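Each reported figure results from applying straightforward, stated rules to the coordinates on display, with no laboratory input. Quick caveat: nothing in here was measured; it's all calculated off a predicted structure. Note: ideal-geometry Cβ built from the backbone for every residue, glycine included; neighbour counts use all protein chains shown.
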Amino acid sequence: MEVPAHIRIEVPVEEFGDAYAGQWVERRQRIGKPLVAKFDEMSKFFTDKKALEHGCKVLAEIYTDWSLTGDDGPLPKPWGNPEAFKALLDSDLDLSLWVLGQIHKPVVELVQPSKN
């Protein structure tokens, strides 16, 4: 499966701390309504095993790469790998929620420098 055009998003150190310095995720540049709808229909992502399985498969179509690490070292790469998202969830819930939140952000917001 060919990796689509993507953008790199730095993990915000000011939000997560120095332990996350230099970590990033890459997300598809274009995320269409059908792909977002597949993910958004899973209201029980954190509590239902089937929803988790389905959600991780969808995320593996959205995230193309990352440099994320957990306490035991680098996390598995995400592209086409639903297990990577389970590893992320098991490693760091706050970072998992941040990664999930990047799906709905417009590209222009992700690539322009902060005005703060």
>> Largest first, please: the extent of the C-alpha atoms of the range 1-40 along each principal axis, to the nearest Å.
In response: 36, 24, 14
> Of 52, 16, 75, which is farthest on the positive side of the dipole of the range 6-108, counting Cα position, with +1 on Lys and Arg Cβ, -1 on Asp and Glu Cβ, and the Cα centre as origin?
Replying inline: 52
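Per DSSP H run of at least 4 residues, take -39500 (n - 2.57); add these up for the chain, divide by its residues and hand me the 222 nm value, nearest 500 deg cm²/dmol. Spell out each step's value before the answer.
Numbers: 6 runs with 50 residues, N = 116.
Using -39500 (n - 2.57) per qualifying helix, the result is -12000 deg cm²/dmol.
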>> To the nearest 20 Debye, how big is the dipole of the range 6-108 about its Cα centre, given +1 on the beta carbon of each Lys and Arg and -1 on that of each Asp and Glu?
In response: 700 debye
>> For a quick size check, give me the Cα extents of the chain along its three principal axes, largest first, whole Å.
In response: 38, 33, 27
